[in-house]
2 protein chains.
Amino acid sequence: MKTEELCYEADGLSMIGHLAWDETATTPRPAVLVFPEAFGLGAHAKARAERIVSEFGYVALACDLHGDQKVFPDLGTMMPVLTALRGDIARVRARTRKALEALLRRREVDASRVAAIGFCYGGTLAYELALAGADIKAAVGFHSGLQVSAPQDAGQIKAKVLALIGADDPGVPPEDRAAFEAVLRAGKVDWQMTLYGGVVHSFTNPDADLLGKPDFLRYDAVADRRSWQQMRALFAEVLGESPTS
Amino acid sequence: MKTEELCYEADGLSMIGHLAWDETATTPRPAVLVFPEAFGLGAHAKARAERIVSEFGYVALACDLHGDQKVFPDLGTMMPVLTALRGDIARVRARTRKALEALLRRREVDASRVAAIGFCYGGTLAYELALAGADIKAAVGFHSGLQVSAPQDAGQIKAKVLALIGADDPGVPPEDRAAFEAVLRAGKVDWQMTLYGGVVHSFTNPDADLLGKPDFLRYDAVADRRSWQQMRALFAEVLGESPTS
């Protein structure tokens with residue numbers, strides 16, 4: 001596998017994404033955008049991008065979120081930035097669209113087979129990219145908030161949507177699930193939602209346990225494995241099975 | 001593959017199940033009970049049992065529901081029988097437990113690796129068997145009602161529960177999903193629930209379209225494939241991968 005820090009501009013920021021690909025591939029490969037948790041692009045999203053390469057043979061771009069690969073150290077410093085961002089549809093869409101454009105400029109990528117995934121707010125960004133009408137085959141969110149900036153645009157969604165949620169996630173309450181269902185139903189979207197019983201927020205990230213709030217944020221190895229498997233099944237359906245699988 | 005009509009008594013009825021297995025297997029294999037739709041044991045559940053053998057190498061028993069492999073021809077004749085049955089926990093449990101016992105008497109079966117699945121009311125029966133505390137590894141329901149006879153017994157459930165539901169199924173409304181979630185949460189069950197957008201009842205059964213009620217009963221090839229895949233992933237987790245897969 002090869003990796004490279006990939007620079008692109010978005011929303012006035014200098015983004016530094018983390019691109020990974022199989023340098024032995026002889027033809028353009030399917031590709032996946034990986035949006036990180038709201039803290040910013042760190043080890044978790046980069047590792048997932050690399051797994052997508054090693055397990056499926058796709059190209060993957062772990063996307064920068066705050067510019068210069070900035071990672072906020074705690075909720076206190078991150079939340080005001082997130083709050084300002086998430087309500088501003090133009091800025092949100094710029095950050096997702098520019099990442100997609102940067103990925104599509106790469107010769108390693110088959111532009112007809114691209115998907116977006118994300119963790120926590122990063123999954124919301126995958127949904128936002130789909131809502132913007134981007135030509136992506138799938139949008140997958142792991143423990144991601146379901147409040148999107150422009151629900152009225154659901155009719156533009158071309159992607160198949162997969163929401164993977166801890167049933168006890170305080171950040172994604174049942175009323176948000178119901179509202180998201182209604183949005184997708186109105187848009188006649190091909191969507192799936194899986195709930196994992198006894199599971200809360202951040203279930204894919206072992207570092208969540210370091211924050212000491214197990215009723216809200218907690219790693220769950222079983223839900224991590226099951227949700228990854230479900231993503232993989234959708235990828236097999238819309239991107240094609242990889243030669244390495 | 002070999003098949004055999006397997007006779008057993010349950011709830012005062014002469015049940016005729018349809019057993020299928022790989023006669024070339026040299027060791028006991030994982031096994032799956034397949035409970036049919038409320039109409040009774042017909043071609044659909046038998047075919048699914050045989051797929052479990054051919055695709056996964058397990059043993060499978062398609063279970064009789066009404067005795068003598070009786071199949072009701074329409075809702076009008078079936079519903080009164082179903083209504084009388086579903087409220088009677090002793091009768092419901094007899095029909096499921098006796099099927100399990102019949103399966104476990106077979107030398108082809110590894111009794112430590114057994115699961116139950118079902119379609120429509122058959123999935124409810126898989127949940128009922130789990131609620132009775134049966135030693136099964138998984139209970140999977142496809143477009144199955146979530147109202148069970150003894151929700152207070154959820155603490156007895158040993159099985160991992162997987163509910164696969166059309167998000168627009170009029171027979172499984174959101175309030176039933178919420179109530180079932182609460183039951184499983186109270187029982188500290190390992191559970192998953194997947195909703196398929198734009199999908200209604202009977203999505204695994206092409207014959208559903210013959211009933212002419214597409215807003216209620218409709219085959220959906222995509223949801224059929226996805227839900228089977230999800231069942232397979234859970235089987236791989238709890239029963240072990242099969243030699244034929």
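Couple of notes before you dig in:
- Using every pair of distinct Cα positions in chain A, the Kirkwood expression returns a hydrodynamic radius of 17.6 angstrom.
- For the axis carrying chain B to chain A: nearest C-beta residue of B, whole Å: B:194, 2
- In nm, spacing of pseudo-spin labels at residue B:216 and residue A:207 (7 Å Cα→C-beta vector): 5.3
- Here's the list of lysines a cross-link from residue A:158 could span, going by alpha-carbon distance under 24 Å and ignoring same-chain residues fewer than 8 apart: A:98, A:137, A:188.
- Per residue, the average separation of C-alpha pairs within less than 8 Å and at least 6 apart gives region A:60-167 a relative contact order of 21 percent.
- Across B:35, B:216, B:119, mean-square fluctuation computed from a Gaussian network of chain B (C-alpha pairs under 10 Å connected) peaks at B:216.
- Helical content alone sets the calculated 222 nm signal of chain A at -11000 deg cm²/dmol, taking -39,500 (n - 2.57) per DSSP H segment of four or more residues and averaging over every residue.
- Largest GNM mean-square fluctuation among A:210, A:19, A:65, using chain A with Cα springs under 10 Å: A:210.
- Comment: the Cα-to-Cβ extended label point of residue A:54, at 7 Å, lies 3.8 nm from its counterparts in the other copies, nearest first.
- Within-9-Å neighbourhood charge of residue A:147 [Cβ basis; K, R +1; D, E -1]: 0
- Once you reduce region B:147-221 and region A:73-101 to the center of their Cα atoms, the two points are 36 Å from each other.
- Sulfur and carbon atoms: percent of accessible area, chain A [1.4 Å]: 53
- Computed with a 1.4 angstrom probe on protein heavy atoms, the A-B interface buries about 1700 square angstrom of accessible area in total.
- Spread over its residues, the convex hull of the C-alpha atoms of the protein assembly as shown is 142 Å³ per residue.
- For region A:40-195, the solvent-accessible area with a 1.4 angstrom probe is 35 square angstrom per residue.
- For region B:2-238: relative contact order, % (alpha-carbon pairs under 8 angstrom, 6 or more apart): 15
- Between copies, residue A:9 shows label-point distances of 8.4 nm, shortest first, with the point placed 7 angstrom from Cα along Cα to C-beta.
- Charge dipole (debye, nearest 20) of the protein assembly as shown; +1 at Cβ of Lys and Arg, -1 at Cβ of Asp and Glu: 240
- Bridgeable lysines around residue A:70 (alpha carbons under 17 Å apart, same-chain partners fewer than 8 residues away excluded): A:46.
- GluC sites (Glu not before Pro) restricted to region A:101-164 and DSSP loop, no more than 16 other C-beta within 10 Å: none
The values are calculated or read from the model by the stated rules, or taken from the named source; none is laboratory data. Please read all numbers here as calculations on a predicted model, not as lab measurements. Note that we place each Cβ from the backbone using ideal geometry, even for glycine, and neighbour counts take in every protein chain shown. Side chains included, ligands, DNA and RNA excluded: accessible areas come from the protein's heavy atoms. Shrake-Rupley method; radii C 1.70, N 1.55, O 1.52, S 1.80 Å.
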